[in-house]
Amino acid sequence: MADWAVTHKLWEKWIANNLGTSGEPLKAALLINYDPAAPSRLTSCIAEQEGTNFKSVELRSFLNFIKQNNLQTELFYIGSSQYLVTSIHEHWFCARCINTSRPAGEGVIVMQIAAYLLVAMYEGSIGSATRAMVAVEQFVWQLSRRIH
């Protein structure tokens, strides 16, 4: 696992360039300590978050959804938002919020990076999802360089 100081520095720089209200690709992001191989007594916790104010207990059902790995058959919640998975890939998946009040919709990209889950939230449709994915890939690439 990457040194925490390096991870934090990368996170801060990435957030400054990719999260905001005016034209930035993301509206919120979470970095969750998550190691499925760790003993069950070790619970996942929020390592970093921006644009949200979740507590670890509020993410318990989401983390259970991840552990059960029923991506294709179940809905999941992050806070009060309910999501439906729309695309599944080897280490990541995309989902759309089905109870949003936003006209253009909302989505989330969830990617596992080493012992972390990166949760990137965006507003909008296909173009917004593409910009969000580019932002996620930038963080993953930077963090992966530090890990390996």
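The values are calculated or read from the model by the stated rules, or taken from the named source; none is laboratory data. Being a predicted model, the structure only gives us computed values, none of them experimental. Cβ: placed from backbone, ideal geometry, glycine included. Neighbour counts: every protein chain shown. Quick note on the areas: whole protein, heavy atoms, side chains included, nothing else; ligands and nucleic acids left out. Shrake-Rupley method; radii C 1.70, N 1.55, O 1.52, S 1.80 Å.
With respect to Leu84, is the statement that it is of a type outside the set (Val, Ile, Thr), more than 14 Å from the chain's Cα centre (by Cα), part of a strand (DSSP E or B) and at pLDDT 90 or above true? So Leu84 passes the test.
Does Tyr77 meet the test of being without any contact (Cβ under 8 Å) to a residue 24 or more places away in the chain and under 13 Å from Val110 (Cα atoms)?
Values: without any contact (Cβ under 8 Å) to a residue 24 or more places away in the chain: yes; under 13 Å from Val110 (Cα atoms): yes.
When the stated conditions are applied, Tyr77 passes them.
Looking for something on the phi < 0 side of the Ramachandran plot, touching a Ser or Thr at 6+ places or on another chain (Cβ under 7 Å) and of a type outside the set (S, T, N, Q) - is there at least one such residue anywhere in segment 82-92? No, there is no match, as no residue in segment 82-92 is on the phi < 0 side of the Ramachandran plot, touching a Ser or Thr at 6+ places or on another chain (Cβ under 7 Å) and of a type outside the set (S, T, N, Q).
Condition check: hydrophobic (A, V, I, L, M, F, W, C) and open to solvent by 60 Å² or more (accessible area, probe 1.4 Å). Does Ala47 satisfy that?
no
Filtering segment 1-22 to residues that are among the small types (Gly, Ala, Ser) and within 16 Å of Gly107 (Cα to Cα) leaves only Gly20. Scanning segment 92-126 for residues that are open to solvent by less than 40 Å² (accessible area, probe 1.4 Å) and out of contact with any strand residue (DSSP E or B) (no Cβ under 7 Å at 6 or more places or on another chain) yields Ile113, Gly124. For the residues Val134, Val57, the requirement of being open to solvent by 60 Å² or more (accessible area, probe 1.4 Å), within 19 Å of Thr21 (Cβ to Cβ), of a type in the set (Val, Ile, Thr) and part of a helix (DSSP H, G or I) singles out Val134. The set of residues in segment 68-91 being touching a helix residue (DSSP H, G or I) at 6+ places or on another chain (Cβ under 8 Å) and either open to solvent by 60 Å² or more (accessible area, probe 1.4 Å) or closer than 17 Å to Gln49 by Cα (or both) consists of Glu74, Tyr77, Ile78, Gly79. Beta carbons closer than 9 Å, at least 6 apart along the sequence or on distinct chains, pair a first residue in segment 16-36 that is open to solvent by 30 Å² or more (accessible area, probe 1.4 Å) with a second that is aromatic (Phe, Trp, Tyr) for Lys27/Tyr122; Asn33/Tyr116; Asp35/Tyr116.
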